[in-house]
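Okay, so here's the structure we're looking at.
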Amino acid sequence: MFTDLIESLPDILDRFRKFPIGLSAVIEKSFLQIGVAPHDRDYLRLFYPRDEGEIYRHCRVVFGVTSSPFILSACIEYLLDHALHDFSDVVQKSWQSFYVDNCLECVKDVIEEIYFIKIARKVMPTACFNLRGWESNFPCEYVSKSSGITGVFGLL
């Protein structure tokens, strides 16, 4: 099941250039949307040195921990694996659209662009993953930034 959760960047960038319209979005507060099981919280302890030295335990996945990208990718894969059959075309495209918390997709035309954004906005929130900051190289009503050139990971 968890074969290639995090693909290499060159593969994603190559696929991103396949069609003329590029889309990108990010999952808002992605790691904070994933809870840590109570019996695993001891592994995420934080010592706060005050008078008596208090020990806190994180209840959410912590950004910066080595396993965090894997956990997020596994959650996204689980979500897509259990998404409604009605959205199978967008879900199928989404399997290869995520790099950690970034959604990168390319489409053929504006109609497909609007359709992908609308369905992704329906599927992802079912697991509290809000896709925001949609950017595209072609304007549409759902895109917040469109300048003719889409930046991805610092590349144009």
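Some points to look at:
- Here the spin labels are modelled as points 7 Å beyond Cα on the Cα-Cβ line, and at F63 and D89 they lie 3.5 nm apart.
- Per residue, the accessible area of the chain comes to 63 Å², computed with a 1.4 Å probe over protein heavy atoms only.
- Relative to the longest principal axis of the Cα atoms of the chain, the long axis of helix 68-81 makes an angle of roughly 50 degrees.
- The label point for D109 and the one for K18, both projected 7 Å from the Cα toward the Cβ, are 1.9 nm apart.
- The magnitude of the dipole of the chain, with charges of +1 and -1 set on the Cβ of Lys/Arg and Asp/Glu and taken from the Cα centre, is near 260 debye.
- Dmax and Rg, reported as Rg then Dmax, of the stretch 51-139 (C-alpha, Å): 16.5, 62
- Acute angle (nearest 10 degrees) that the helix 110-123 long axis makes with the longest principal axis of the chain, alpha-carbon atoms: 20
- Computed accessible area, S8, all protein chains, 1.4 angstrom probe, square angstrom: 50
- Rg/Rh (Cα only; Kirkwood hydrodynamic radius) as it applies to the stretch 67-113: 1.02
- Positive-pole candidate from S144, T126, V91, dipole of the stretch 23-156, charges at beta carbon: S144
- Around the amide H of C106, modelled in the peptide plane, lie the amide H atoms of L23, all under 5 Å away and 5 or more residues distant in sequence or on another chain.
- Taking a Cβ cut-off of under 14 Å around Y56, the surrounding Lys, Arg, Asp and Glu residues balance to a net charge of +2, with basic ones at +1 and acidic ones at -1.
- Between A74 and D11, the distance separating the two model label sites (each 7 Å from Cα on the Cα→Cβ line) works out to 1.9 nm.
- Share of carbon and sulfur in the accessible heavy-atom surface of the chain [1.4 Å probe, %]: 55
- Three semi-axes describe the equivalent ellipsoid of the chain; taken as square roots of 5 times the Cα gyration tensor eigenvalues and ordered largest first, they are 33, 17, 14 Å.
- Neighbour net charge for S30 - beta-carbon separation under 15 angstrom, K R +1, D E -1: 0
The values are calculated or read from the model by the stated rules, or taken from the named source; none is laboratory data. From a predicted model like this one, the values you see are computed outputs, not experimental measurements. When we count neighbours, we look across all protein chains shown, and the Cβ atoms used for this are built from the backbone with ideal geometry, even at glycine. The area values use the complete protein model at the heavy-atom level, side chains included, leaving out ligands, DNA and RNA. Shrake-Rupley method; radii C 1.70, N 1.55, O 1.52, S 1.80 Å.
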